[in-house]
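Chemist: Quick one: the structure is below, questions incoming.
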Amino acid sequence: MEHHAPTTEFLGMTFNLSNILMITIASAIVFILAVVTTRSLAMRPTGLQNFIEWVMDFVKGLIGSTMDWKTGGRFLFLGMTLLMYIFVSNMLGLPFAIAVDSELWWKSPTADPTITLTLATMVVLLTHYYGIKMKGAKEYGRGFVSPLKFLFPFKIIEEFSNTLTLGLRLYGNIYAGEILLGLLAGLGGAGIAGALGAFLPMLLWQGFSIFVGTIQAFIFTMLTMVYMAHKVADDH
Amino acid sequence: MFNSLILGAGFAAGDILFQLVAFIVLLALLKKFAWGPLMGIMKEREQHIANEIDSAEKNRKEAEAFLNEQRDEMKRVRQEAKAMLENQKQMADQQGQEMIEAARLESERLKEAATAEIKRERENAVASLREQVASLSVMIASKVVEKELDERAQKQLIDEYLDQAGDQK
């Protein structure tokens, strides 16, 4: 049961090859999914187009609930890509895990804090970028000392805690799910009694993990828009 | 397995870089191949629906205007017909009156003519009677003169002559 990551050194940086593989697979799946669903676009939507339009409307709703569409419209593509990428990533680790020579190859890329924190940091940096770009450096700076001056240190802490919670929430949920799935799989492989005992919890936990993975993708996208709204919207 | 739980344990700069690049590339690709066209078609549909609503509204307004026009026209035609009918009726009435008047005048004329005729005839009759009476008187007188007559015979004679006169008349 003791797995470790297949790492390698390249250009002075550590690469987790499992992550590289899963990131590539997740990206490819999202890309194929998106292209297939939008391949034959028609004014009268059918089948797959209905589905992807529903996703777009859903993200539109997320953005619309946090800021007005005029400022939020530009984040639509970011939101859709985030939602689908994280959702697909969360689902990847559910059906099975592949370990070769006790090196874990197949898992959710989001079950690694490096990946989730990268995404979280990227999102938070983007909020700062758009905050400066859309409101100007002065307004952006004023955001840190309003409504009261002494809140400044807390605002700075908030930025880091936002980043940490955003990334670690996703990581924690998915990683916990995978650990429990791994333990149940180990139990199931231990013997006939173990297999019988593990079957039902396995079923339940996989169903619950699908739910959690969906919810986490939604929460990550939602919070992205909330943080974005804090920085770019005039009110709040 | 648990060593990767600790953040500092497995710091993989390569993963960070790869994830960033992968996400940015994915975002760019999706924007070009999926979200862009999808957004386009949704905007297009929105536009289409808006246009359809506009044109439907326009058509409805046009139809309404046309209907009003037709209604006015109908009203006008009906009024015209009514006026025409009234005119005709009036004219017919007048004509009837005229005809009755003419008939009345004609009958009056005829009656007058008849009365005049009757009067003339009577005058003629009276005149001829008078003439006859006169001639009869002369005749009776001459008879009386001719022979003496007793009263009975005289009466008989007068009756006889009067009978004769009645026959002649």
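The values are calculated or read from the model by the stated rules, or taken from the named source; none is laboratory data. For clarity, every value in this text was computed on a predicted model and none was experimentally measured. Cβ sites come from the backbone with ideal geometry, for glycine too, and all protein chains shown count toward neighbours.
Chemist: Is it the case that A:S102 is surrounded by fewer than 18 Cβ atoms within 10 Å (Cβ to Cβ), out of contact with any strand residue (DSSP E or B) (no Cβ under 6 Å at 6 or more places or on another chain) and either modelled with pLDDT of 85 or more or under 22 Å from B:L38 (Cβ atoms) (or both)?
Modeler: The answer is no for A:S102.
Chemist: Tell me which residues, restricted to the range A:53-73, are touching a residue at least 40 places away in the same chain (Cβ under 8 Å) and within 11 Å of another protein chain (Cβ to nearest Cβ).
Modeler: A:V59
Chemist: Please work out if A:I20 is in a helix (DSSP H, G or I), crowded, with 19+ Cβ neighbours inside 10 Å and more than 9 Å from every other protein chain (Cβ to nearest Cβ).
Modeler: The answer is no for A:I20.
Chemist: I need the full set of residues from the range A:80-95 which are surrounded by fewer than 22 Cβ atoms within 10 Å (Cβ to Cβ) and either out of contact with any helix residue (DSSP H, G or I) (no Cβ under 7 Å at 6 or more places or on another chain) or of a type in the set (G, A, S) (or both), in order please.
Modeler: A:P95
Chemist: Can you tell me which residues in the range A:150-183 are among the β-branched types (V, I, T) and facing chain B (nearest Cβ under 10 Å)?
Modeler: A:I179
Chemist: For the range B:29-49, state whether one or more residues are modelled with pLDDT under 95 and acidic (D, E).
Modeler: Within the range B:29-49 (the criterion being modelled with pLDDT under 95 and acidic (D, E)), the answer is yes, since at least one residue qualifies.
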